[in-house]
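Only one structure is covered here, and it is reproduced in the block below.
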Amino acid sequence: MPFVNDILQHRSLAIVGLDKNTGKTVCLNYLLHRLNELGVSTAVTSIGVDGEQTDAVFATAKPEITLYEGMTFITSEQHYRRRQLLTEILSVDEHRTSLGRLVTARALTCGKVLLSGAATTERLRSEIQEFDSMGVRLSIVDGALSRLSLASPTVTDAMILATGAAVSPNLKILISKTKYTCKLINLPEVEPELKNRLNIIESGLWGIDSDGEAHNLEIPSVFMLGDKTEALFRYGTSLFVSGAVSDRLLKLLAAQPNIDFITLIARDFTKLFITQEVFADYTRRGGQLKVLQQSRLMAVCLNPTSPKGYRLNSHEACAALSDALQMPVYDVMQPDSLKVENIH
């Protein structure tokens, strides 16, 4: 993949799926193989359970995760015991998960592993810092279904999005859903001065005046608006939501007579729990949506096969998605679609 060179400009990477069975593990294995060939110091962990042989929902075969000599990884005690490679234990964390303590180890041979890591973004940040202290050049976090939070720019520097026939066997629907997610990922950032002011805010809804000063609206979350909607615009038409952004808030803002002047600011795209239809209506009416920090989407990868038996034409689907997203889309199982990159 040509984007491997771009990935190495960053210290950490998240691989997330738009749905289950969209090819995250296949993408991860391709990337690990290339990084090994290039001699890049690599570490990997997961926010869920990855590398299992059989899909828990569809009972279909799944690709296992292959690590190479010298790679570092974190997994739970239970899954560490099931490894199929020689390793050196570097540390055992007293932080417990449902599968036991977290084990940090280094692969001494090539082999397969199950990854089950931290369940929180705070813990993931700590693990990435641990990898950095070891001199690891690239830390990779493999995602789990509906756990886009690991792709937050506050956790990882960059991300790869996996999509495919499991999202929808209908190419038009697949393109629409993928394009919407990419649109959220690429939402524009606020100007640097305002970003610095808002970054230190930890909770609540805030109004921003014409001088860029933030004022606490004394509303802890959008879910507690109640009858306080009239107080939203006391300082102006720009609002910052530190936590989750819901359909309810966007619908409320879209119904305002001054919607053309309203700008809603979220921390990053992982805080947006809004449907495609509500977002489209909000922006169509003139509302703006921005983020404090934009995520760096390095690539989109396609799995043309669904566990339900559907299969898209890989070449046609990649081309159509690429045209819609205005960026390359890769099927890592199709060597003809991949270019050879030179890493310096």
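The values are calculated or read from the model by the stated rules, or taken from the named source; none is laboratory data. Values in this document were obtained by computation on a predicted structure and should not be read as measured data. All Cβ positions, glycine included, derive from the backbone under ideal geometry; neighbour counts span all protein chains shown.
Quick check on my filter: what residues within the stretch 100-134 are in contact (Cβ under 8 Å) with a residue 12 or more places away in the chain and under 13 Å from residue 47 (Cβ atoms)? Hits for the stretch 100-134 are 102, 115, 116, 117, 118, 119, 121, 123, 124, 125, 127, 128.
The lone criterion from (1) within 20 Å of residue 92 (Cα to Cα); (2) in the same structural domain as residue 270 (by TED's automatic domain parsing) left unmet by residue 197 is number (1).
Within the stretch 302-325, residues that are polar (S, T, N, Q) sit with their Cβ atoms under 8 Å from residues that are in a strand (DSSP E or B), at 6+ positions apart or across chains, in these pairs: 303/162; 303/163; 303/164; 305/164; 305/311; 306/164; 314/302; 322/329.
Looking only at residues of the stretch 36-49 that are part of a loop (DSSP other than H, G, I, E, B) and in contact with a Leu (Cβ under 8 Å, 6 or more places away or on another chain), we find that the one that is modelled with the lowest pLDDT is 48.
Considered as a group, the residues in the stretch 50-75 that are in contact with a Leu (Cβ under 7 Å, 6 or more places away or on another chain) and at pLDDT below 90 include one that is surrounded by the most Cβ atoms within 10 Å (Cβ to Cβ), and that residue is 50. Of all the residues in the stretch 282-322, those that are surrounded by fewer than 16 Cβ atoms within 10 Å (Cβ to Cβ) and over 30 Å from residue 29 (Cβ atoms) number 4. Whether any residue in the stretch 151-162 is more than 16 Å from the chain's Cα centre (by Cα) and not in a strand (DSSP E or B) is what I want to check. For the stretch 151-162, residues more than 16 Å from the chain's Cα centre (by Cα) and not in a strand (DSSP E or B): absent. Of the residues 270, 283, only one is assigned to a helix (DSSP H, G or I) and free of Cβ contacts under 8 Å to residues at least 40 places away in the same chain; which? One residue alone meets the criteria, 283. Of all the listed residues (297, 302, 321, 217), the sole one being touching a Gly at 6+ places or on another chain (Cβ under 6 Å) and closer than 17 Å to residue 177 by Cα is 302.
Among the residues that make up the stretch 265-272, is at least one of them modelled with pLDDT of 90 or more, surrounded by fewer than 18 Cβ atoms within 10 Å (Cβ to Cβ) and among the small types (Gly, Ala, Ser)?
Initially, the stretch 265-272 is screened for residues modelled with pLDDT of 90 or more, giving 265-269, 271-272.
Cutting the leftovers down to surrounded by fewer than 18 Cβ atoms within 10 Å (Cβ to Cβ) gives us none.
Within the stretch 265-272, not a single residue is modelled with pLDDT of 90 or more, surrounded by fewer than 18 Cβ atoms within 10 Å (Cβ to Cβ) and among the small types (Gly, Ala, Ser).
Selection over the stretch 2-23 of residues that are in a loop (DSSP other than H, G, I, E, B) and touching a helix residue (DSSP H, G or I) at 6+ places or on another chain (Cβ under 7 Å) gives a count of 2. Any residue at all in the stretch 221-228 that's buried (at least 16 other Cβ atoms within 10 Å of the Cβ), modelled with pLDDT of 90 or more and farther than 30 Å from residue 305 by Cβ? There is no residue in the stretch 221-228 that is buried (at least 16 other Cβ atoms within 10 Å of the Cβ), modelled with pLDDT of 90 or more and farther than 30 Å from residue 305 by Cβ. When the stretch 93-109 is filtered for residues that are surrounded by 15 or more Cβ atoms within 10 Å (Cβ to Cβ) and part of a loop (DSSP other than H, G, I, E, B), only 99 remains. Residues that are in contact with a Gly (Cβ under 9 Å, 6 or more places away or on another chain) and surrounded by fewer than 19 Cβ atoms within 10 Å (Cβ to Cβ) are absent from the stretch 173-185.
Which of the residues belonging to the stretch 176-214 are part of a helix (DSSP H, G or I) and among the acidic types (Asp, Glu)?
Within the stretch 176-214, 193 is the sole residue that qualifies.
For the stretch 101-108, indicate whether the set of residues that are over 23 Å from residue 133 (Cα atoms), out of contact with any Leu (no Cβ under 8 Å at 6 or more places or on another chain) and of a type outside the set (Phe, Trp, Tyr) is non-empty. The answer is no; no qualifying residue exists.
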